[in-house]
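Shown next, in structure tokens, is the structure this report addresses.
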There are 2 protein chains.
Amino acid sequence: MVESKPQTRAEQKERTRRAVLAAALRLSEETGLGALSLRQVAREVGIVPTAFYRHFSSIEELGLALVDESFESLRAMLRDVRRGNPAPAEIIARSVTVLGEHVRAQRGHFAFIARERASGPRVVRDAVRHQLELFERELAADLARLPVGRWSTEDLQVLANLIVGAVVSTVEDLLATPRHGQQALLDRAQKQLRMIVVGALQWRSDYD
Amino acid sequence: MVESKPQTRAEQKERTRRAVLAAALRLSEETGLGALSLRQVAREVGIVPTAFYRHFSSIEELGLALVDESFESLRAMLRDVRRGNPAPAEIIARSVTVLGEHVRAQRGHFAFIARERASGPRVVRDAVRHQLELFERELAADLARLPVGRWSTEDLQVLANLIVGAVVSTVEDLLATPRHGQQALLDRAQKQLRMIVVGALQWRSDYD
DNA sequence: GAAGTCAGTGAACGGACGTACACCCAGACT
DNA sequence: AGTCTGGGTGTACGTCCGTTCACTGACTTC
């Protein structure tokens, strides 16, 4: 591997590192990270197997880097939703639209999270679950800022967990569905989120 | 392998077949089915690798058998919920309790579904997703029979999908949580299901 | 411009894998 | 009783794997 004009050495290293991450993301979509071999990744990138060690000491460590990368995509999505300060009534519709766009644009990252959350090497799986938990808390904080409803902290957590679960489930379905069927799934998700919010609002006054 | 007193030949074969399935279920909980080797399974069962072929022609085919087995567990759970004709107001509480019991008793099957739904070999993953879809429809039919609410067929599907998603998500959390923390997850699931149902009931009158 | 650093090379290893094949021998069939 | 059937055995193969080691040569440092 030499790959065109590297300029500085650090720059070239970073370029290869990114190529390794991209290759691993692509290949693991077919087999899962746990069944991915260091040699496959090296072959895909066009380097010799031993060169892999210049960047990561194992597939697991590479996996942890992919967790970081993938959750950066997820947070970018949240930022994209918040951008433009949508009115409360529009938040759900906007969120679902943005979700569809980001899943299409960053398919690999979303697929990685959905997959490795349930099946990766233990350390990777735990990292994904931990990050998802943080993400849930972040969402709960966002919900707390809404001018509608006055939920208790605990109810907010439960609600955020329910929403994240529904979204992850939607993402999994999106990933398994050809382009032309995806809008129907997004419409369904919108309906579900509305149901959840309506239920949560009612909940407070009726059962709490 | 010869294993004590076989009696008839078919009986002995069935016994080995079950041992193979059990071993594969146990081992795949650590690595995922996609990273499971035929030799590992054979070693665990105590037979020579080539004897594996007397029962399955590949790990994938074994996986499909595990899909059947696992969904049989899932349906047994549904039957267990229905048994005793719980009053509408108790259905959620009873369902959640039964869920907890069955996840504990058939941990392997539930873990298999949760895992391979997102990560298995393609044919296995598709089989799991297909079975889950059938299960959703079955649940929708159950919901339609309830004396509360009058949902449209489409809304029933959407609602069933939301419920199944929430339950699967709960199962995944249960599987990652030590015994003493599981009741809290079940309580949370109960709250979430109540929110969903309240929302769905409200939904019909407000938005449909 | 000499010395040093380090991403990438290439050969080699021991081990695990899927699968082919010839074989064995206890239960089933006639 | 004699033959057949088929689950399980044992050996052997070619391939892929992770990891070791000594190396090279372009960029960096002084």
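The values are calculated or read from the model by the stated rules, or taken from the named source; none is laboratory data. Only a predicted model underlies this, so the values are computations on that prediction, with no experimental measurement involved. Every residue, glycine as well, gets a Cβ built from its backbone with ideal geometry; the counts of neighbours run over all protein chains shown.
At-a-glance table
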{"read-out": "Pairs, first within 12 Å of B:GLU172 (Cα to Cα) and away from every other protein chain (no Cβ under 11 Å) in the range B:98-120, second among the aromatic types (Phe, Trp, Tyr) and part of a helix (DSSP H, G or I), C-beta under 7 Å, six or more apart", "value": "B:VAL103/B:PHE110"}
{"read-out": "Scan of the range A:38-61 for residues that are within 27 Å of the chain's Cα centre (by Cα) and within 9 Å of DNA strand D (Cβ to nearest atom), ordered by number", "value": "A:LEU38, A:ARG39, A:GLN40, A:VAL41, A:ALA42, A:ARG43, A:PHE52, A:TYR53, A:SER57, A:SER58, A:ILE59"}
{"read-out": "Sole exception among (1) part of a helix (DSSP H, G or I); (2) surrounded by 15 or more Cβ atoms within 10 Å (Cβ to Cβ); (3) within 12 Å of chain A (Cβ to nearest Cβ) for B:ASP187, by number", "value": "(2)"}
{"read-out": "Selection within the range B:1-37 - modelled with pLDDT of 95 or more, more than 11 Å from DNA strand D (Cβ to nearest atom) and away from chain A (no Cβ under 14 Å)", "value": "B:LEU21, B:ALA22, B:ALA23, B:ALA24, B:LEU25, B:ARG26"}
{"read-out": "Of the criteria (1) buried (at least 20 other Cβ atoms within 10 Å of the Cβ); (2) outside any helix (DSSP H, G or I), which one B:MET195 fails", "value": "(2)"}
{"read-out": "Subset of the range A:148-163 [hydrophobic (A, V, I, L, M, F, W, C) and over 15 Å from A:GLU133 (Cβ atoms)]", "value": "A:VAL148, A:TRP151"}
{"read-out": "Which numbered condition A:GLU29 fails, given (1) surrounded by fewer than 20 Cβ atoms within 10 Å (Cβ to Cβ); (2) more than 8 Å from DNA strand C (Cβ to nearest atom); (3) over 18 Å from A:GLY120 (Cα atoms)", "value": "(3)"}
{"read-out": "Criterion (free of Cβ contacts under 8 Å to residues at least 24 places away in the same chain and either within 11 Å of DNA strand C (Cβ to nearest atom) or closer than 24 Å to B:VAL128 by Cα (or both)) met by exactly one of B:GLU60, B:GLU69, B:GLU11", "value": "B:GLU11"}
